[in-house]
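Following: one structure in structure tokens, then a few remarks.
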Amino acid sequence: MTKLEKVIFWYILLLLPAIVLGECTCDSEDEERNKTEALKFKMVAIASILIASAIGVCIPVLGKAIPALSPEKNFFFIIKAFAAGVILATGFIHVLPDAFESLTSPCLKENPWGNFPFSGFIAMVSAMGTLMVDTYATSYFSNKNDTKNGLVAQSGDEGGAIHVHSHGSASLMGDSSSELLRYRVISQVLEMGIIVHSVIIGIALGASESPKTIRPLVAALTFHQFFEGMGLGGCIAQAKFKTRAVAIMALFFSLTTPVGIAIGLGITNVYDENSPTALIVEGVFNSASAGILIYMALVDFLAADFMHPRMQGNGKLQLGANISLLLGAGLMALIANWA
């Protein structure tokens with residue numbers, strides 16, 4: 001290496017941090033704004049995301065009409081593994097990094113937490129809170145169900161044979177009902193976590209006036225909501241809610257991001273994504289959402305399904321589920337890079 005090359009090398013090395021730091025700005029890029037073109041992309045986003053979300057959440061729910069998608073079939077484990085990969089990658093690659101970026105933004109001139117990793121802390125607390133809600137809700141409904149089954153068993157206690165038969169039936173009913181109640185708790189907690197970050201993403205997209213920013217987000221969010229909907233739909237299908245409850249949950253999920261975009265459209269003139277208030281609110285909610293999604297993917301999806309007797313006793317199913325998991329996570333990683 002010549003002297004000149006060495007000088008250039010060290011010059012670039014010393015100047016690079018200044019260049020990187022110089023890119024961190026709180027000023028809006030007015031030259032990229034185009035309200036008319038941005039509005040067209042937003043309308044397309046509302047329609048495409050609404051349709052993709054509805055299709056994604058309904059596919060697993062239609063298990064009765066499509067036998068291959070029934071929760072009793074092995075293929076359902078493959079679908080859930082793929083959905084778990086999508087949700088896990090959403091928490092780790094999409095939501096949590098956005099939270100870190102918001103809460104460590106240079107626009108927060110008076111950073112109240114200094115160098116403390118506040119995003120990770122909130123995500124951790126959120127995951128533990130989800131565990132507590134999951135545990136206590138399941139325990140409460142299981143105990144309530146056991147009490148009912150105990151009363152059923154006692155009412156049939158008039159003869160020895162009848163008592164044994166009643167007690168056995170009550171035990172089977174109790175096991176089945178407890179599992180069903182757990183699926184219902186899981187589906188509702190998961191939907192809460194998904195809705196939080198979906199609304200935030202929608203508001204950010206709706207408030208943006210830069211076609212350059214919106215264009216890649218439309219395609220990325222459409223795929224994102226479709227696969228996330230499949231994960232939620234799988235939980236709803238296993239919970240065996242009544243038709244009305246299924247319709248409400250599916251509709252609620254499908255509408256969250258489009259409603260967020262509509263809210264963003266309404267507050268475009270007053271919303272500043274770089275204001276301290278917006279950054280803190282967005283960062284805190286994204287951190288909490290990431291904690292919920294990561295916990296649900298690892299504990300209620302992967303741990304429960306991968307340790308299931310049917311999975312443990314079937315090598316081909318294990319291989320298929322692992323490949324499906326990697327594909328789901330990898331696809332969301334690609335979408336993150338795309339967006």
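Taken along the Cα-to-beta-carbon direction at a fixed 7 Å, the label points for Leu251 and Cys107 span 3.5 nm. Multiplying the residue separation of Ala333 and Met192 by 0.36 nm and removing their Cα-Cα distance gives an extension gain of 48.5 nm. Whole-Hz Karplus values for the stretch 320-325 come out as x, 5, 5, 5, 4, 4 Hz, taken residue by residue from phi with 6.51 cos²θ - 1.76 cosθ + 1.60 and θ = phi - 60°; glycine and proline positions read x. For the pair the stretch 290-339 and the stretch 179-219, the centres of their Cα atoms are 19 angstrom apart. Distance between the pseudo-spin-label points of Glu37 and Val133 (7 Å out from Cα toward the beta carbon): 4.1 nm.
Working out 0.36 nm times the residue gap between Asn274 and Arg310, then minus their Cα-Cα distance, what length gain in nm do you get to one decimal? Provide the component values of the computation, followed by the final result.
Numbers: separation 36, 0.36 × 36 = 12.96 nm, distance 5.00 nm.
Value of the extension gain: 8.0 nm.
Could you tell me what % of all Cα pairs in the stretch 226-334 have separations over 24 Å?
Working: 2688 of 5886 pairs.
Roughly 46 percent, rounded to a whole number.
Rounded to the nearest whole Hz, the Karplus-based 3J(HN,Hα) values (6.51 cos²θ - 1.76 cosθ + 1.60, θ = phi - 60°) of the stretch 188-193 follow the sequence 6, 5, 4, 4, 4, x, with x at glycine and proline.
With θ taken as phi - 60° and the Karplus curve 6.51 cos²θ - 1.76 cosθ + 1.60 applied, the whole-hertz 3J(HN,Hα) list for the stretch 72-86 is 7, 8, 5, 4, 5, 5, 5, 4, 5, 5, 4, 4, 5, x, 4 Hz, x standing for glycine and proline.
What value does the stretch 85-147 have for Rg/Rh, both radii from Cα atoms and Rh as Kirkwood defines it? Numbers along the way, then the final one.
On the way: Rg = 17.2 Å, Rh = 14.2 Å.
Ratio value, two decimals: 1.21.
Readers should treat all values here as calculations from the given coordinates under stated rules, not as data from a laboratory. A quick note: this is a predicted structure, and the numbers were derived from the prediction, not measured. Every residue, glycine among them, receives a Cβ derived from its backbone with ideal geometry; neighbour counts consider all protein chains shown.
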